[in-house]
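Chemist: A single structure is presented below for examination.
Every number in this text was worked out from the coordinates using simple rules, so none of it is lab data. Remember, predicted model here, so these are calculated numbers, not experimental data. Because the Cβ atoms are built from the backbone with ideal geometry, glycine has one as well, and the counts that use them run over all protein chains shown.
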Amino acid sequence: MGDSVTTIGLIAGGRQFPVMVARGVKAHGHRLVVAGFTGHTNMDVAPLADVWRELKLGKLGQLIDYFKQNGVQKVIMAGTINKPKVMDVRYLDMRAVKLLFRQKNKGDSAILGTLAGEFEREGMPVVPPQAFVPELLTPDGVLTRRGPDEREREDLRFAWNIAKDLGRLDIGQCLVVREGIVAAVEALEGTDATIRRGCELGGPACVVVKVFKPGQQEQVDLPSLGTDTIRAMAEGGATCLGVEAGKSLFFDRDEAVAVADRAGIAIVGLTDDDSAGT
């Protein structure tokens, strides 16, 4: 970003991520213009903003106008938004409707990439939020007291390759497997619900893998996990989690690792080398 003051437009969703990003932006000395959405945004972000406005979800033209009127130079997207509501045409303005209906692929990465293109055309490129919170990126290697055993390693390699193939189709980021059998693939329900479903179907000792989808844009949609993910695994009897290192956000890592250690769960940051078995 450089040392000069930049006006950053933050599209703020739910949970802690937008608040952490906002703090990072302010710590770098930049001006922060925040757009929030009723029922979706973590309102703790509002006091951190130099300019704050609450908008209705799906009003893309209004959002772009708001950012342009306040001199936004770069845009960040951070936090969870309910996708089915985003795609409900009853909530969309004409610009959003046109954007949605010219999409043949309605996957997360495709839609977010097209949305980023709209801001780019307006002279406001979308930049990666993790630039302001690099400590959230998952490191590589074993993060827990226990590392994966050989059975879990085999399932990690198996699941990684399948998850990457599915990712090329813009399907999910998370896969639950057991001994070379796929128990669940993430869809609209999200990671934690996928884990619960996969463990119910696959039984104890499932392995969970979460990857960065090929073609996914790092500035708009990194995989993320946290303590709730580990608790869902513990409740379902899953024993190992592999998450792509350097391209996944790991919230509350110390607490999550402590929960994993108590449950005997292995967590490992994976790279392409791990998928090849090296």
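Chemist: Going by Cα centres, the stretch 178-257 and the stretch 1-63 are how many Å apart?
Modeler: A separation of 27 Å, based on Cα centres.
Chemist: Can you tell me how much longer the chain between Val142 and Arg53 gets when fully stretched, taken as 0.36 nm per residue apart minus their C-alpha distance, in nm with one decimal?
Modeler: Numbers: separation 89, 0.36 × 89 = 32.04 nm, distance 4.22 nm.
The span from Val142 to Arg53 would gain 27.8 nm if fully extended.
Chemist: How much net charge surrounds Leu270 when only other residues with a Cβ under 13 Å from its Cβ are counted (Lys, Arg +1; Asp, Glu -1)? Spell out each step's value before the answer.
Modeler: Numbers: positive: Arg153, Arg157, Lys164, Lys210, Lys247; negative: Asp140, Glu152, Asp155, Glu244, Asp272, Asp273, Asp274.
Charge balance in the 13 Å sphere: -2.
Chemist: Oh, and also: With a ≥ b ≥ c the root eigenvalues of the C-alpha gyration tensor of the stretch 140-278, is it rounded (a/c under 1.5), prolate (a/b larger than b/c) or oblate?
Modeler: Numbers: a/c = 1.24, a/b = 1.18, b/c = 1.04.
It is rounded, given that a/c, with a ≥ b ≥ c, falls under 1.5.
Chemist: Around Trp52, which amide H atoms from residues at least 5 apart in sequence, or from another chain, sit under 5 Å from its own amide H, with H modelled in the peptide plane?
Modeler: Val34
Chemist: Let me ask something else. Take the Cα of Asp149, step 7 Å along the line toward its Cβ, and report every residue of the stretch 237-256 whose backbone nitrogen sits under 18 Å from that point.
Modeler: Output list for this probe position: 237-242.
Chemist: Continuing with the same structure: From Cα pairs below 8 angstrom and at least 6 apart in sequence, can you work out the relative contact order of the stretch 1-53, rounded to a whole percent?
Modeler: Values: 85 pairs, mean separation 21.3, N = 53.
Relative contact order for the stretch 1-53 comes out at 40 percent.
Chemist: Sort 15-24, 134-143 for me by packing, meaning the mean count of neighbouring Cβ atoms within 10 Å per residue, highest on top. Mind showing how you got there, number by number?
Modeler: Values: 15-24: 21.4, 134-143: 15.5.
Final packing ranking: 15-24, 134-143.
Chemist: Moving on. Could you run the Karplus curve 6.51 cos²θ - 1.76 cosθ + 1.60 with θ = phi - 60° over the stretch 178-189 and give me ³J(HN,Hα) per residue in whole Hz, x for Gly and Pro?
Modeler: 3J(HN,Hα) across the stretch 178-189, in whole Hz: 8, 6, x, 10, 7, 9, 7, 10, 5, 10, 6, 6.
Chemist: To the nearest 0.05, what FRET efficiency results for Thr114 and Leu169 with a Förster distance of 22 Å applied to their C-beta separation?
Modeler: That gives a FRET efficiency of 0.85.
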